[in-house]
Amino acid sequence: MKQVNRYRWTLLSICVFALGWGNPVQAQYVEARILADTTELRIGEQVNVKLSVSHDSILEVQFPLVQDTLGGMEILDMQPISEQQLDGKILLEQQLTLIAFDSGYYRIPPQDVYYFQRGDTARKSIFTNAVALNVFTIEVDTTQAIKPIKGIEQSPLTFGEIAAWGGIVLGFLAIIAAIVWYVRKRRQTEEEDEPRVVYTIPPYEVAMRELAKLEELRLWQKGEIKSYYIELTDIVRTYIEGEFQVPAMESVTHEIIADLGKISLPVKLIKDMKSLLEMADLAKFAKLRPDQNDNLQAMERGRNFLKDAHQWNKKQLKQQPEKEALNQDDPPTSQEPITDTPIPNNS
């Protein structure tokens, strides 16, 4: 009996030795876990989840790949995978921050972790644990009445705020005052420095030349009625301003007529000028389209006004020295009131 047992132990030892010699076995350590810092949270709160894999250094491990969501929860932040050696093992960790916007139970499912030994193509896998999270809403006391929304609470103004606004207002007023002063000063300087126009060519000759040029342009024949009357009246206004020192370029029609009456211009000339300016105003501003006779008559009226007004002014300038000498030799004993010749109003 003892001999039989001896043969059994000998045969068992030979088998174990043969198996160990033909297939050497080496222990392989891999561990994967999911840890959450809490399992209960309110809607909108964040939870930190850590994925960790610990393994032997002889193994190659494929860390779980995570997308935008995990277990139905959104991933707000995903830290890079860290690696460290601990007690001869390699520890891989990744920190995730999750959030949920709906109440209920969320389950983070087990994650696949693949690994294989270096030099071996056989791939193996293990799973992490699953984690259950409870997301709940804020409890509302339905026994109490719904309170109205509170209005905006007005805080009292401080001295610093009043001083700041006062400074802004004063600064704004100071800027406006400075701009007004600068504009007035500049306008005054421009008026003082504005050179006085000296006519080297008599205004009458200049105006007659400009009328001849205007005729050559044939504006109204081309349908440019408005431009024709603008040019015509500008020529006449410039002549009046140069011949009689009347601000005709800056005045409207009734102001020009009034100024011509003040210099005692003959009534016929004033009436002709009034007709010409009123016709031009209608063509420029009222879109009146005068016919051919009106256009020709306007040019002729302007030319006749220049001639007659120039002759009248020459006569007045020639008679002025004689009147002054007569007044010095024979001063009047009485002075009669001087009356202006009334101007008929045809408007």
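The values are calculated or read from the model by the stated rules, or taken from the named source; none is laboratory data. The structure displayed is predicted, hence computed values, not measured ones. Reconstructed Cβ throughout: ideal geometry from the backbone, glycine too, with neighbour counts over all protein chains shown. When the accessible area is computed, the model is the full protein with side chains, heavy atoms only, and any ligands, DNA or RNA have been set aside. Shrake-Rupley method; radii C 1.70, N 1.55, O 1.52, S 1.80 Å.
How far is it, in nm, from the label point at Thr69 to the one at Asp56 when both lie 7 Å from their Cα along the line to the Cβ?
Those two pseudo-labels are separated by 4.0 nm.
Listed highest first by mean packing, meaning other Cβ atoms within 10 Å per residue, what order do 115-122, 246-253 come in?
My ranking of the peptides, most packed first, is 246-253, 115-122.
In nm, to one decimal, how far is the modelled label at Gln319 from the one at Asn129, with both set 7 Å along Cα→Cβ?
Result: 12.7 nm between the two label points.
Would you kindly compute the Cα radius of gyration of segment 95-157 and its largest Cα-Cα separation (Dmax), both in Å?
Cα-based Rg and Dmax for segment 95-157 come out at 25.1, 78 Å.
Return the subset of Lys268/Lys307; Lys226/Lys262; Lys226/Lys287 for which the Cα-Cα distance in this structure is over 18 Å, preserving the input order.
Lys226/Lys262
Calculate, for segment 211-279, the solvent-accessible area per residue in square angstrom, rolling a 1.4 angstrom probe over the heavy atoms of the protein chains.
Accessible area per residue: 49 Å².
Cβ under 11 Å from Gln95's Cβ, Gln95 left aside: what net charge do those residues give with Lys, Arg +1 and Asp, Glu -1?
-2
Using mean Cβ contacts within 10 Å as the protection proxy, how do 207-220, 43-56, 66-79 order, highest first?
43-56, 207-220, 66-79
Limiting things to C-alpha atoms, what are the Rg and the maximum Cα-Cα separation (Dmax) for segment 87-240, in angstroms?
My reading of the Cα-based Rg and Dmax gives 45.5, 116 Å.
Only four residue types carry charge here, +1 at the Cβ of Lys and Arg and -1 at the Cβ of Asp and Glu. Report the dipole size of segment 279-318 about the Cα centre in Debye, rounded to the nearest 20.
280
Can you give me the distance in nm between label points at Ile162 and Thr38, each placed 7 Å from the Cα along the Cα-to-Cβ direction?
Each label point lies 7 Å from its Cα, and together they span 4.7 nm.
Run down the lysines and flag those whose C-alpha is under 30 Å from the C-alpha of Lys50, throwing out any fewer than 8 positions away in its chain.
Lys89, Lys124
Using only Cα atoms, locate the centre of segment 262-289 and the centre of segment 129-177, then give the distance between them in Å, rounded to an integer.
69
Percent relative contact order of segment 200-293, based on C-alpha pairs within less than 8 angstrom and at least six residues apart?
27
When only Cα pairs under 8 Å and 6 or more residues apart are kept, what is the percent relative contact order across segment 214-261?
Computed over segment 214-261, the figure is 21 percent.
Largest first, please: the extent of the C-alpha atoms of segment 116-188 along each principal axis, to the nearest Å.
Principal axes ranked by extent give 99, 60, 23 Å for the Cα atoms.
Remind me, relative contact order of segment 42-182 in percent, using alpha carbon pairs under 8 angstrom and six or more residues apart?
Rounded, it is 24 percent for segment 42-182.
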